[in-house]
Amino acid sequence: MQISFISKVQHPVLRKYIPIGILFLVLLGSCSKFRVDDYNPYLYGRVKLGKELKELQVNIVNRVPTNVPNQVAVASGVIYIPDFEQSLIKAFNSDGDLKFVIGTPKDKQTEKIKTYNIKLGRIGLVTVSDGDDVFVQSRVLKEDVKTDKAPENIFAKKSGEFRTEAEEAVPSVILKINDSGKLAQTIYADGAGGSIPFGYIERMDAGNSDLLFVYHRAGGEMRLSIFDEAGKLKQKVSAEDFKDSLNTSGDTFTWYVDSILSHADGDYVLGSFSFYETKSGRFKNRKILRYDLKEKRITPIKEIQDPSETLYWALSNDNFFIWETEVEEGNSIRLQVHDEDGNHVNNIRLNYPPPRGLWRETWMDTKDEIYSMKIKAGYLEIHKWK
């Protein structure tokens with residue numbers, strides 16, 4: 001004779017343990033949501049700091065290296081490092097051997113080093129595409145800037161001196177150098193063949209299909225400009241495109257744009273906006289919205305109450321990272337993983353070996369790999385997180 005499930009449940013022993021089982025499943029589900037995957041750095045490559053062309057040439061002031069980049073570009077096993085002192089891009093392998101140089105070395109070469117002679121100005125940001133095309137922010141050289149001001153003597157300034165006047169960013173263009181070492185394009189703010197230079201550039205990322213994403217200031221506002229493989233300005237997105245979806249009516253709250261990030265395919269962007277109480281200046285919340293560029297559709301996907309949590313990266317699988325500094329830990333940060341609907345699905349903790357002060361910026365590449373960099377014992381070390 002068959003016994004129904006209901007009759008089984010009526011058994012006194014089963015009735016005792018079923019609530020415990022349900023509670024266990026609920027707790028298991030909540031724990032999995034806030035699971036933390038601990039990542040640790042391993043040494044990916046190191047480059048010697050020095051005065052030779054085959055090294056990263058930097059100034060040493062009071063035994064401290066200065067004019068060292070905060071982050072570098074890594075592609076196809078090659079580390080592209082801007083040498084600010086010489087206005088060169090130096091490409092090293094993971095063993096620290098110089099493979100080639102982009103730019104015009106000032107000193108005569110004592111060794112035969114492969115060089116792509118391209119005139120670079122003052123180098124800013126550098127990024128590299130999956131096809132090994134190099135994008136370089138090239139600022140106008142000092143000698144090319146017409147000014148009536150006398151050169152500033154920084155050593156005559158008093159300790160703690162600061163200015164209340166904002167200075168204009170040095171105009172720049174973006175040079176696209178192909179994998180053969182040829183200058184393929186000179187990209188202006190209005191595209192290749194344009195005439196409007198970039199001013200302040202906060203971020204520059206290479207995307208899929210040779211897309212280029214530049215987050216910069218234009219006309220007094222921050223804007224994300226998207227350029228296609230030919231260097232043509234394909235799309236531009238600013239806070240104005242999100243304004244109608246931010247519910248900004250009234251004067252109770254003031255809002256600011258934090259950042260605008262693009263997915264690597266360029267199909268959509270994520271915009272992050274912070275809201276503050278107008279009278280007190282107190283942080284209220286941070287909103288993240290998705291803007292599908294083709295359909296011109298905006299979708300709110302996340303609201304953040306903690307000011308220490310910021311939008312960090314749009315992943316290729318449509319998830320995104322929120323950066324959260326763990327103040328209690330001191331030597332770690334947490335990357336909250338959210339899916340495309342804004343659901344918190346996982347956490348990644350980056351554990352920085354002390355001392356924390358040696359570590360410079362942490363960044364990601366087009367393959368969603370995480371890197372950090374630090375200076376140690378006369379070397380610039382690039383670490384990858386796993």
Just to verify a number: FRET efficiency for Arg63 and Glu295, C-beta to C-beta distance, R0 = 56 Å, to 0.05? 0.50
Under 5 Å between amide hydrogens, which residues at least 5 positions from Asp130 or on another chain qualify, with H placed 1.01 Å from N in the peptide plane? Asp210
How large is the accessible surface per residue of the range 255-386, computed with a 1.4 Å probe and reported in Å² as a whole number? 45
Hey, if you put +1 on the Cβ of every Lys and Arg and -1 on every Asp and Glu Cβ in the range 255-386, which of Gly378, Trp313, Trp363 ends up farthest toward the positive end of that dipole? Gly378
Cα gyration tensor of the range 317-386, axes a ≥ b ≥ c as square roots of the eigenvalues: rounded (a/c below 1.5), prolate (a/b > b/c) or oblate? oblate
Quick check on the range 45-98: take the gyration tensor over C-alpha atoms, sort the square-rooted eigenvalues as a ≥ b ≥ c, and tell me if it's rounded (a/c under 1.5), prolate or oblate. prolate
If N is the number of residues in the range 286-338, what value comes out of its Cα radius of gyration divided by 2.2 N^0.38 Å? 1.32
For a quick check: with amide H placed at 1.01 Å from N, whose amide H comes under 5 Å from Ala73's, ignoring anything fewer than 5 positions away on the same chain? Tyr80
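What does the extension gain come out to for Thr186 and Asp107, with contour length at 0.36 nm per residue minus their alpha carbon separation?
25.8 nm
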Skipping prolines and chain starts, which residues have an amide H placed within reach, meaning under 5 Å, of the one on Leu125, given they are 5 or more residues away or on another chain? Gln137
Of all the accessible heavy-atom surface of the range 243-301, with the other protein chains kept in place and a 1.4 Å probe, what percent is carbon and sulfur? 44
Please state the charge dipole magnitude for the range 156-307, taken about the Cα centre, from unit charges on C-beta atoms (+1 on K and R, -1 on D and E), reported in debye and rounded to the nearest 20. 260
Using a ≥ b ≥ c from the Cα gyration tensor of the range 254-386 (square roots of the eigenvalues), is it rounded, prolate or oblate, where a/c under 1.5 gives rounded and otherwise the larger of a/b and b/c decides, a/b for prolate? oblate
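The values are calculated or read from the model by the stated rules, or taken from the named source; none is laboratory data. These numbers come from a predicted model, not from an experiment. Backbone-built Cβ (ideal geometry, glycine too); neighbour counts: all protein chains shown. With ligands, DNA and RNA removed, areas are computed over all heavy atoms of the protein, side chains included. Shrake-Rupley method; radii C 1.70, N 1.55, O 1.52, S 1.80 Å.
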